[in-house]
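Reviewing the structure listed below.
The values are calculated or read from the model by the stated rules, or taken from the named source; none is laboratory data. None of the values given here were measured: they were computed from a predicted structure. Backbone-built Cβ (ideal geometry, glycine too); neighbour counts: all protein chains shown. Surface areas here come from the heavy atoms of the whole protein model, side chains and all, with no ligands, DNA or RNA. Shrake-Rupley method; radii C 1.70, N 1.55, O 1.52, S 1.80 Å.
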Amino acid sequence: RREPACRICLRARASRGFTAMASMFANLPNPGKMEEVQNAAKMVLGLDTFDGARFELNKGLNQNFAVTHNVSMGSAASPPSYEFGANVGDEKMLLASRIDHSGRLTGRYQHQLTPGVALRGMASVSGERSQDSLQLDLDVKGSHNYSGLRYMSGGVLMATYMQSLTPYLSMGSEFFYHHGRCITGLHGALKYGTPERVFSAKAGSFGNVEMTYAHKVNEKVSFATEMQYYHSQVCSFGIGGEFRLRHATYKGLVTSDCTVSATLEEKVVPGIASFILSGQINHKKKDYKFGFGLNLGAA
């Protein structure tokens with residue numbers, strides 16, 4: 001029995017359509033993780049501000065093992081602290097740990113199982129069991145998409161997926177479920193990025209909206225802004241800039257709650273020693289912070 005000609009024609013058209021679609025997606029770049037859609041703006045707006053004096057020593061014992069010492073002299077708002085860290089790893093595996101003077105231990109594990117599959121884990125243990133935490137991630141990187149699964153202590157399950165639609169546009173979604181409280185939620189994300197400009201937007205089922213925009217003027221100057229809105233609660237925004245000089249990096253940030261922050265990192269000996277100045281001021285809240293630090297050794 002012969003198959004009707006019209007059915008053969010429809011099957012051929014569908015096959016050509018699927019082939020064209022597969023060819024179109026095959027030439028698209030990987031969009032990256034959904035949690036990283038705001039990275040371009042966060043790199044400019046993320047200031048490492050602190051109060052008091054801070055010293056950090058990084059020492060590489062060999063190619064796969066390094067230790068760190070972090071000392072904070074404290075201030076009126078925070079007590080002195082000490083933290084010791086050890087990192088061991090190679091091209092496929094990384095194990096990092098930190099322990100502070102109070103006995104709080106944190107660890108991070110990352111293993112590249114295959115070129116496209118990675119396993120990550122984070123754990124924290126302290127004297128108070130209520131503050132212990134665990135997080136496990138499985139990342140799958142495709143040629144034009146990125147998907148992931150996450151488990152967090154307390155019974156939280158998350159699934160994310162990012163897909164490139166054009167060379168500059170990508171979209172994604174995130175679904176989470178809280179087993180203990182029987183709460184479900186959905187987030188959506190959009191990213192439009194060129195080598196000079198990156199715009200991102202995220203929205204959630206609970207009424208939260210986040211938008212960022214980063215503009216790279218040249219190799220030394222970048223600006224960024226962000227806006228966060230939580231339904232019937234708060235709306236905040238900030239604008240900042242980053243200036244990379246020959247041996248120094250300056251960052252500044254102004255937020256909607258009248259807080260002005262700035263950091264300056266001067267590379268005294270490039271790759272070996274750097275001096276850091278940090279300042280934050282809010283006249284409205286009468287909150288003032290100033291800190292200086294010294295980093296020795298390659299981070």
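Couple of notes before you dig in:
- Residue (of 30, 40, 224) at the positive-pole extreme of the chain, dipole from beta-carbon charges: 30
- Interchain or long-range residues, amide H under 5 Å from residue 185's placed H: 176
- Alpha-carbon Rg with Dmax, taken over the range 22-133, Å: 18.6, 61
- Across the range 41-80 the C-alpha pair distances fall into 5 Å bins from zero in the proportions 6, 17, 17, 14, 17, 18, 9, 2 percent.
- 5 angstrom amide H check on residue 208, placed H, neighbours 5+ away: 231
- Of the listed residues 90, 100, the order by accessible area with a 1.4 Å probe, largest first, is 90, 100.
- The range 169-299 - convex hull of the alpha-carbon atoms, volume per residue in Å³: 174 Å³
- In the range 169-243, the chymotrypsin sites (Phe, Trp or Tyr not before Pro) that fall in loop regions by DSSP, at most 16 other Cβ within 10 Å: 206
- Ignoring the sites themselves, the chain has its longest run without GluC sites (Glu not before Pro) in a DSSP loop having at most 15 other Cβ atoms within 10 Å at 1-90.
- Accessible area in the full protein assembly, largest first, 1.4 Å probe, for 37, 88, 156: 88, 156, 37
- Tensor-based shape of the range 101-256 (alpha-carbon gyration tensor, a/c under 1.5 rounded, otherwise prolate or oblate): rounded
- Taking all protein chains as shown and a probe of 1.4 angstrom, residue 234 keeps an accessible surface of around 80 Å².
- Backbone HN-Hα couplings from phi across the range 271-284 [Karplus 6.51/-1.76/1.60, Hz, Gly and Pro as x]: x, 10, 9, 9, 10, 10, 10, 9, x, 8, 9, 9, 5, 5
- Highest-fluctuation residue, 53, 26, 77 considered, GNM on the chain with Cα pairs under 10 Å: 77
- Pairs with C-alpha atoms separated by more than 19 Å, drawn from the list 220/289; 220/251; 33/141; 42/216; 33/202; 42/191, are 220/289.
- Along the range 120-128 the Karplus relation, 6.51 cos²θ - 1.76 cosθ + 1.60 evaluated at θ = phi - 60°, assigns HN-Hα couplings of 10, x, 9, 9, 9, 10, 9, x, 9 Hz to successive residues, with x for each Gly and Pro.
- Of 47, 113, the residue with the largest accessible area leads and the full order is 113, 47 (1.4 Å probe).
- Working note: 222 nm ellipticity from helices only, DSSP H runs with n ≥ 4, each -39,500 (n - 2.57), summed and divided by the residues of the chain, gives -3000 deg cm²/dmol to the nearest 500.
- Note, ³J(HN,Hα) from phi for the range 225-232, Karplus 6.51, -1.76, 1.60, rounded to Hz, x at Gly and Pro: 9, 9, 9, 10, 10, 10, 3, 6
- The range 163-189 versus the range 259-284: alpha-carbon centroid distance in Å: 36 Å
- Size of the chain as Cα extents on the principal axes (Å, biggest first): 88, 45, 37
- Considering only 245, 157, 95, the Gaussian network model of the chain with Cα springs below 10 Å gives its largest mean-square fluctuation to 245.
- Selected from 38, 233, 112 as most flexible by GNM, with the chain as the system and alpha-carbon contacts under 10 Å: 233
- Share of carbon and sulfur in the accessible heavy-atom surface of the range 255-299 [1.4 Å probe, %]: 66 percent
- Helix axis angle, 5-26 relative to the chain longest principal axis, alpha carbon, degrees: 20 degrees
- 10 Å Cβ shell holding at most 15 others, DSSP loop, trypsin sites (Lys or Arg not before Pro): longest site-free stretch of the chain: 3-91
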